[in-house]
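Comments concern the structure below.
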4 protein chains.
Amino acid sequence: APPIEPRDLEAAARSVLPTEVYDYIATGSGAEETLAANLAAWRDLALAPRVLRDVGGVDVSTTVLGTPVSSPVQVAPTGYQRLVHPDGELGMATGAAHAGSLLALSTRATTTFEELADAAGPWWLQLYVLRDRDLTATVVERAAAAGARALVLTVDTPYVARKARATAFPPAEVSPVLVPELRARADEGVWQDPGVTFADLAWLAEVSGRLPLVVKGVVRGDDARACVDAGADAVWVSNHGGRQLDGAVPTARALAEVRSALPDEVEVYVDGGIRNGRDVVRALALGATAAFVGRPAVWALATGGAAGVGDLLVTMRADLEETLALCGCASLADVTPDLLRPAHPHR
Amino acid sequence: APPIEPRDLEAAARSVLPTEVYDYIATGSGAEETLAANLAAWRDLALAPRVLRDVGGVDVSTTVLGTPVSSPVQVAPTGYQRLVHPDGELGMATGAAHAGSLLALSTRATTTFEELADAAGPWWLQLYVLRDRDLTATVVERAAAAGARALVLTVDTPYVARKARATAFPPAEVSPVLVPELRARADEGVWQDPGVTFADLAWLAEVSGRLPLVVKGVVRGDDARACVDAGADAVWVSNHGGRQLDGAVPTARALAEVRSALPDEVEVYVDGGIRNGRDVVRALALGATAAFVGRPAVWALATGGAAGVGDLLVTMRADLEETLALCGCASLADVTPDLLRPAHPHR
Amino acid sequence: APPIEPRDLEAAARSVLPTEVYDYIATGSGAEETLAANLAAWRDLALAPRVLRDVGGVDVSTTVLGTPVSSPVQVAPTGYQRLVHPDGELGMATGAAHAGSLLALSTRATTTFEELADAAGPWWLQLYVLRDRDLTATVVERAAAAGARALVLTVDTPYVARKARATAFPPAEVSPVLVPELRARADEGVWQDPGVTFADLAWLAEVSGRLPLVVKGVVRGDDARACVDAGADAVWVSNHGGRQLDGAVPTARALAEVRSALPDEVEVYVDGGIRNGRDVVRALALGATAAFVGRPAVWALATGGAAGVGDLLVTMRADLEETLALCGCASLADVTPDLLRPAHPHR
Amino acid sequence: APPIEPRDLEAAARSVLPTEVYDYIATGSGAEETLAANLAAWRDLALAPRVLRDVGGVDVSTTVLGTPVSSPVQVAPTGYQRLVHPDGELGMATGAAHAGSLLALSTRATTTFEELADAAGPWWLQLYVLRDRDLTATVVERAAAAGARALVLTVDTPYVARKARATAFPPAEVSPVLVPELRARADEGVWQDPGVTFADLAWLAEVSGRLPLVVKGVVRGDDARACVDAGADAVWVSNHGGRQLDGAVPTARALAEVRSALPDEVEVYVDGGIRNGRDVVRALALGATAAFVGRPAVWALATGGAAGVGDLLVTMRADLEETLALCGCASLADVTPDLLRPAHPHR
Ligand SMILES: Cc1cc2nc3c(=O)[nH]c(=O)nc-3n(C[C@H](O)[C@H](O)[C@H](O)COP(=O)(O)O)c2cc1C
Ligand SMILES: Cc1cc2nc3c(=O)[nH]c(=O)nc-3n(C[C@H](O)[C@H](O)[C@H](O)COP(=O)(O)O)c2cc1C
Ligand SMILES: Cc1cc2nc3c(=O)[nH]c(=O)nc-3n(C[C@H](O)[C@H](O)[C@H](O)COP(=O)(O)O)c2cc1C
Ligand SMILES: Cc1cc2nc3c(=O)[nH]c(=O)nc-3n(C[C@H](O)[C@H](O)[C@H](O)COP(=O)(O)O)c2cc1C
């Protein structure tokens, strides 16, 4: 099979999806400043490869919060996956499992926990603290019971930002169905509590019990530190793929700030514009443990279902292996900050 | 009603206005370097949003020189508003009042003080020190009598600069009529005195009596300081929307210099390229108390009269509220300089 | 008469000139990197205008090496002016005189000293040190006799660089005729001595007697200093309008280095991409005494002969006056370095 | 003959070559970030020419590892030259010899050592450490016997990167034939050992006996130093013309780092985007002894065979001479770092 270039994937997905669905996935918020900046900021980091290192065998396997994965590339949570393919979240989970990657399941999933239980691989549940705290706790319990390995609290969405290319989409009838309790209260306004604070994070850390807690959507060092102080086990640098605050700093730049604000033992993840092995190496060199892909996984699901997702992840792993080898790195431990040079030097 | 994007507004206005009128409003001076730079410079400031703050209720109301306003977005003075809509300045005033914003009325208004008196909201009078000082004093008196809350002295226009896309426009018959005395002396050359200095500012501060005095068109810290020393109550950072000195520093950059040159208690305003809630947050983070819109308000007036102006301001307020919430700010007091990151870092 | 925009002038000239003539004038050398950079580098300097200064009367007259001129804008030497208009150098001289500007006459002039003697205004002779030193001295003597006010030694042309858009042009029959002795030896290879050094500059300073000596084509501080040490009276920052070393630093950037390397009393001039009053103010703020225009004067000559040249210079003076007024400067003495801000700040 | 502009050469070559061959040569790897950056990075270095130096005679001859060459421009190794012209490597060698330049012969040559022996000029052999060390030693012996002046170990290719515009090319039947032993084992996977380290470099330095050893593909100062410590005689800064690690730092920027990490007596070479005399001067000013051209030489071979290659090199030498003269440098020793200014200054 020919290699899957994420950029070709997007074109292929565009041709199979209804325009409004394509637009809903592709869009950013506002004037899409951050959407563009996310992609550009990785490119701004030039690589200074090492030579004459033994890269006969390159190992990109690692662990994420203790879970072994075949590579640092994981699948970010994206809602309403049945919009792009009948297999929906089940297909995404199967593909990720096949490739040995973690899946972060969106609370806005269009599949139930029960259906997903059969999908082999490890998964996390992305959630929000809902206005109804009991319902929040219910979701957490069900997730734990269904086998989630961690909870991911998304904190960059106190309100859902207006999208540049999608208004009033998805339609009301495409309602999340993860747990029956949510279905009855699909209206977004009801769901998410914009009043959530670090105190709620502490509450959630308690509710989640033995499940580790990841905070997703942090771009500041001080906030990252405060999350950990409030009980977070890891921090996920994200601006929601340029879909929330437009004008937000691109993640490639926020990552360094967040990483340096945290103790080494706290894992940091990143997403936003990660498209190939190079970008992953740049993320790792800036101190990330894993890099998540959002849209590329959706395009893969749209064009190839579960198999498409698996192919994407396997291809990205191969691309990462090649990139590591060309950087003179035999394993992820060799990927250190000195691999980077700023792209536009000023003497 | 669908949200009003200022960029869509301009296109709509273009389609309803005669070309020469559209060009006269859209144009900058010279090669329009500053016109373009004004827009770009806001984008150069990336935002670093805070998370996990209670943004259940976001309050963007504030006061400007003591006048309560529903948001920091106000209407900048633009001349000859009847050119774009029969309601002219009256429509602009009505729309601003409806939205709870301040209006700065241009001396080149095509409506009389009397007509405007009925428009409910608070307004300021923008003026020039005219060659005829008595006439200047007359205008000030009439404004005070008609209910102006402050005077805005525009100082970036000792001469009217040549426009890039408009020559010999507006035609002589479109004459300002704020007070009858001006009507008789419509020739621009007669009006504005290019010899005005800080001494005249001191004179005006006296003449204006209890009316506070704002100086508009300042882009330097030393000048800002000198204005306050000469009696100004507030400073308005502006380059006249790129219509006066082309090549002038964009206001997004001048703002920081001006702000840091003044004591905290002196209010600073800014205009030039402000187009959405993001830009307003950037301006506030740099220390502005209010941000004024020029062209967007004219486009709104052209396409929808008073209602259009109201819609624009209400929409911008909503956009600002959303932006604040996404920045983790519940009120304007939370908007501090640490929300900003330079867009193009160099390590 | 409508204002002459140099950019419109170029289009007009293009439409009246044969393609090969237009190309010969418009072209730069190499890949035209410096041609483009010259224009862009002025734009990179943003202006921070002053306000509330009395600019009721703006005086842009000045002196250049003691010669009074009506503005700091002068005419740079360009060869073969009869190629673009039958009046050739005579037309250029007449136009410059009419506007009160200095003309620098090229050694490659297609008019004789005798013909030019009648043109009223002050002029300098641009020359090269030729292989034949006696012939060089002859040219100097004739120039002095014909009324030249200074000599301009061009030092950036030890060889004539290959042009990007002009090869083998001008044709041999278009031969310089300033003095009959040159006519007989038109082959460029014969003319210019690539072995000229600071010692020859000292020799020329002696030969030129009471005529001041300007060195044109300097972009380095150390060289500028060495020129003055060797007897130069003034230094002209130029890269030959991007027609000699391609890749050379743009003059807007070289100017600061040169200015700061010289004592204040040594005048510094600049050319290259000067197109309007803004650019002139930028040059003056960086310490230049005068700014020269090359191509714009040729376009003006091509389209309007002597009158065209006069119109261009009068228009540029008016534009400069407007710009000065808008900068809050009543005279050239007010144009100081603090008027500038870098266009792309990095905090 | 009209001057050969490398950029015109590429267009000419494109028109004579089959698309797949053109693409194979023109392509970079990945998203071709480095391919583009290589070209742009030279331009980012502005030149500050000296004036009034005697450049009546400009001498660009030099020596490379003791071998006299007519200019610092040499030919980089490129595989499969018979793909573009029937003369293949023989033509390239003849052209280089004619112009007095060194040729670096690729291990992937489509000509035998025997055929090449007759080509007069000095040449180096570029090689890889193969999985089969004995075969590696055999190649080295044959090269020494056939007259190679140095060995060039390419170290940026532990694996062959995927190309952006060429997949599965060249076809299997276009097999390297330098020595018969290689022919039988044409599969790339068999050839290159991705496990090569500094220890192997030391081994090769021994095997190569009296032949000097150059390491090609270094972009880091620490690696350059380690190469010399392991026995390398010189270091060649290269990112394989943007065909290996995409995202790699452009060579114009890596050069300064490498140069400053090495003692002055160790020669440093550079390639990647060198297209004219300007680029060569920039490379020399950054401390390179020689600059190699890859694609331009292939385009020249494609369009003109041996004569085309000779013309290219002679033209580039002439362009370099002109550039040196315009920089006020009479010889390569005059090309020092102070000739450079960064293209985008920040104050
Ligand atoms: C269509 C779509 C839906 C998304 N839905 C969610 C979601 O439900 N929860 C969440 O935390 N993030 C969501 N995200 C954000 C992603 O998790 C991720 O942060 C982002 O897509 C990464 O950027 P990328 O698309 O450039 O890889 C969504 C993104 C997209 C494109
Ligand atoms: C058509 C037009 C007319 C204007 N007339 C005036 C005026 O009479 N007095 C004044 O102080 N500023 C005037 N301005 C400048 C505005 O007050 C304001 O500084 C500028 O428009 C802000 O930039 P923006 O248009 O990008 O928002 C005018 C601007 C425009 C576009
Ligand atoms: C067509 C042409 C001919 C020129 N001939 C001469 C010349 O004979 N001597 C000289 O010193 N400079 C010559 N120059 C350079 C100009 O004096 C001046 O440095 C340059 O044109 C300034 O740049 P600008 O054209 O962007 O204003 C010539 C320039 C042009 C465009
Ligand atoms: C078609 C092609 C084949 C190449 N083959 C080899 C090779 O066999 N060995 C090697 O060390 N470099 C090889 N290179 C890289 C060149 O030696 C050189 O590093 C690069 O082409 C320089 O960049 P430039 O093409 O921009 O001048 C090749 C380059 C090209 C374009």
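Taking the condition out of contact with any Cys (no Cβ under 8 Å at 6 or more places or on another chain), more than 30 Å from D:Pro6 (Cα to Cα) and modelled with pLDDT under 95, does C:Asp44 pass?
Criteria met by C:Asp44.
For segment B:94-121: of the residues being assigned to a helix (DSSP H, G or I), free of Cβ contacts under 8 Å to residues at least 40 places away in the same chain and crowded, with 19+ Cβ neighbours inside 10 Å, which is nearest to the chain's Cα centre (by Cα)? Break it down into steps so the answer makes sense when it comes.
Filtering segment B:94-121 for residues assigned to a helix (DSSP H, G or I) gives B:94-99, B:113-117.
Imposing the further condition that a residue be free of Cβ contacts under 8 Å to residues at least 40 places away in the same chain reduces the set to B:97, B:114-117.
Among the residues that remain, those that are also crowded, with 19+ Cβ neighbours inside 10 Å are: B:97, B:116.
Working: B:Ala97: 16, B:Leu116: 19 Å.
My answer is B:Ala97.
Pull up segment B:228-246, narrow it to residues that are over 20 Å from B:Arg149 (Cβ atoms) and more than 16 Å from ligand 2 (Cβ to nearest atom), then point me to the one that is nearest to the other protein chains (Cβ to nearest Cβ).
Filtering first and then ranking leaves B:Ala230.
Given the criteria touching a Ser or Thr at 6+ places or on another chain (Cβ under 6 Å) and within 14 Å of chain D (Cβ to nearest Cβ), does A:Asp59 qualify?
yes
Run down C:Glu10, C:Glu20 and say which single residue is over 17 Å from the mean Cα position of the chain (by Cα), acidic (Asp, Glu) and within 14 Å of chain B (Cβ to nearest Cβ).
C:Glu10
So, in segment B:1-59, exactly how many residues are in a helix (DSSP H, G or I), closer than 30 Å to A:Ala254 by Cα and of a type in the set (Lys, Arg)?
Within segment B:1-59, residues that are in a helix (DSSP H, G or I), closer than 30 Å to A:Ala254 by Cα and of a type in the set (Lys, Arg) number 2.
Is one or more of the residues making up segment B:185-194 of a type in the set (D, E, K, R), free of Cβ contacts under 8 Å to residues at least 40 places away in the same chain and away from every other protein chain (no Cβ under 14 Å)?
Here is the first cut: in segment B:185-194, the residues of a type in the set (D, E, K, R) are B:185, B:187-188, B:193.
Filter once more, so that each one left must be free of Cβ contacts under 8 Å to residues at least 40 places away in the same chain: B:187-188.
Restricting the remaining residues to those that are away from every other protein chain (no Cβ under 14 Å) gives B:187.
Checking segment B:185-194: at least one residue is of a type in the set (D, E, K, R), free of Cβ contacts under 8 Å to residues at least 40 places away in the same chain and away from every other protein chain (no Cβ under 14 Å).
Name the one entry in B:Asp59, B:Asp44 that is within 30 Å of C:Ala48 (Cα to Cα), of a type in the set (Asp, Glu) and more than 18 Å from the chain's Cα centre (by Cα). First the steps, then the outcome.
On the way: B:Asp59 fails: within 30 Å of C:Ala48 (Cα to Cα).
So the residue among B:Asp59, B:Asp44 that is within 30 Å of C:Ala48 (Cα to Cα), of a type in the set (Asp, Glu) and more than 18 Å from the chain's Cα centre (by Cα) is B:Asp44.
Scan segment C:228-243 and give yes if some residue there is in contact with a Gly (Cβ under 8 Å, 6 or more places away or on another chain), basic (Lys, Arg) and over 21 Å from C:Ala333 (Cα atoms), otherwise no.
yes
Kindly indicate the residue of segment D:137-158 that is in a loop (DSSP other than H, G, I, E, B) and among the β-branched types (Val, Ile, Thr) and also nearest to D:Val218 (Cα to Cα) among those meeting that condition. Break it down into steps so the answer makes sense when it comes.
Residues of segment D:137-158 that are in a loop (DSSP other than H, G, I, E, B), as a first pass: D:147-150, D:155-158.
Subsequent filtering for residues that are among the β-branched types (Val, Ile, Thr) retains D:155, D:157.
Values: D:Val155: 7, D:Thr157: 11 Å.
If we take residues in segment D:137-158 being in a loop (DSSP other than H, G, I, E, B) and among the β-branched types (Val, Ile, Thr), then D:Val155 is nearest to D:Val218 (Cα to Cα).
Do the conditions hold for B:Ala161, that is, is it more than 16 Å from ligand 4 (Cβ to nearest atom), at the interface with chain C (Cβ under 9 Å from one of its Cβ atoms), over 16 Å from the mean Cα position of the chain (by Cα) and crowded, with 20+ Cβ neighbours inside 10 Å?
It is true that B:Ala161 is more than 16 Å from ligand 4 (Cβ to nearest atom), at the interface with chain C (Cβ under 9 Å from one of its Cβ atoms), over 16 Å from the mean Cα position of the chain (by Cα) and crowded, with 20+ Cβ neighbours inside 10 Å.
Does C:Arg278 meet the test of being within 16 Å of C:Arg253 (Cα to Cα) and among the basic types (Lys, Arg)?
Yes; evaluated as a whole, the condition is true for this residue.
Filter segment C:216-259 for residues that are among the β-branched types (Val, Ile, Thr) and within 13 Å of ligand 3 (Cβ to nearest atom) and give the result.
Result: C:Val218, C:Val219, C:Val237, C:Thr251.
Per-residue answers, yes or no, for (1) buried (at least 19 other Cβ atoms within 10 Å of the Cβ); (2) acidic (Asp, Glu):
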| residue | (1), (2) |
| --- | --- |
| A:Gly56 | no, no |
| A:Val60 | yes, no |
| A:Pro77 | yes, no |
| A:Val84 | yes, no |
| A:Glu89 | yes, yes |
| A:Met92 | yes, no |
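Quickly run through segment B:183-204 and pick out the residues that are at pLDDT below 95 and within 20 Å of B:Ala150 (Cα to Cα).
Within segment B:183-204, just B:Gln192 meets the criteria.
Would it be correct to say that D:Ala172 is away from every other protein chain (no Cβ under 14 Å), surrounded by fewer than 17 Cβ atoms within 10 Å (Cβ to Cβ) and not polar (S, T, N, Q)?
The answer is yes for D:Ala172.
Exactly one condition in (1) in a strand (DSSP E or B); (2) touching a residue at least 60 places away in the same chain (Cβ under 8 Å) is not met by B:Val270; state its number.
All conditions are met except number (2).
Restricting to segment D:297-321, and then to whatever is farther than 17 Å from D:Gly100 by Cα and crowded, with 24+ Cβ neighbours inside 10 Å, can you tell me which residue is farthest from ligand 1 (Cβ to nearest atom)?
For segment D:297-321, the residue satisfying everything is D:Thr303.
In segment C:159-170, is there at least one residue being within 16 Å of D:Val51 (Cα to Cα) and in a strand (DSSP E or B)? Spell out the reasoning first.
Applying the first criterion (within 16 Å of D:Val51 (Cα to Cα)) to segment C:159-170 yields C:159-161.
Going one step further and asking which of them are in a strand (DSSP E or B), we end up with none.
No, every residue in segment C:159-170 fails to be within 16 Å of D:Val51 (Cα to Cα) and in a strand (DSSP E or B).
So, of the residues in segment A:253-276 that are in contact with a strand residue (DSSP E or B) (Cβ under 8 Å, 6 or more places away or on another chain) and within 10 Å of chain B (Cβ to nearest Cβ), which turns out to be farthest from ligand 2 (Cβ to nearest atom)?
A:Ala254
What are the residue pairs meeting all of these: first residue in segment A:288-305, first residue under 30 Å from A:Leu262 (Cα atoms) and aliphatic (A, V, I, L, M), second residue away from ligand 2 (no atom under 16 Å from the Cβ) and modelled with pLDDT under 95, Cβ atoms under 8 Å, and 6 or more apart or on different chains?
A:Val293/A:Pro6
Identify, from the list C:Ala48, C:Ala96, the residue that is over 15 Å from C:Pro176 (Cα atoms), within 14 Å of another protein chain (Cβ to nearest Cβ) and of a type in the set (Gly, Ala, Ser).
C:Ala48 is the lone residue from the list that is over 15 Å from C:Pro176 (Cα atoms), within 14 Å of another protein chain (Cβ to nearest Cβ) and of a type in the set (Gly, Ala, Ser).
For the condition within 18 Å of the chain's Cα centre (by Cα), surrounded by 20 or more Cβ atoms within 10 Å (Cβ to Cβ), of a type in the set (A, V, I, L, M) and over 20 Å from C:Leu65 (Cα atoms), what is the one hit in C:Ala234, C:Ala252? Let's see the steps before the verdict.
Working: C:Ala234 fails: over 20 Å from C:Leu65 (Cα atoms).
On inspection, the qualifying residue turns out to be C:Ala252.
May I ask you to say which residue of B:Asp246, B:Asp223 is farther than 24 Å from B:Ser61 by Cα and in a helix (DSSP H, G or I)?
B:Asp223
So C:Gly79 fits all but one of (1) assigned to a loop (DSSP other than H, G, I, E, B); (2) over 19 Å from the mean Cα position of the chain (by Cα); what number is the exception?
In the conditions (1) assigned to a loop (DSSP other than H, G, I, E, B); (2) over 19 Å from the mean Cα position of the chain (by Cα), C:Gly79 misses (2) alone.
Conditions (1) surrounded by fewer than 23 Cβ atoms within 10 Å (Cβ to Cβ); (2) within 14 Å of chain C (Cβ to nearest Cβ); (3) hydrophobic (A, V, I, L, M, F, W, C), marked per residue:
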residue	(1), (2), (3)
B:Glu206	yes, no, no
B:Gly209	yes, no, no
B:Asp222	yes, yes, no
B:Ala226	yes, yes, yes
B:Arg278	no, no, no
B:Ala288	no, no, yes
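The values are calculated or read from the model by the stated rules, or taken from the named source; none is laboratory data. Every value quoted in this text rests on a predicted model; they were computed, and no experiment measured them. Cβ: placed from backbone, ideal geometry, glycine included. Neighbour counts: every protein chain shown.
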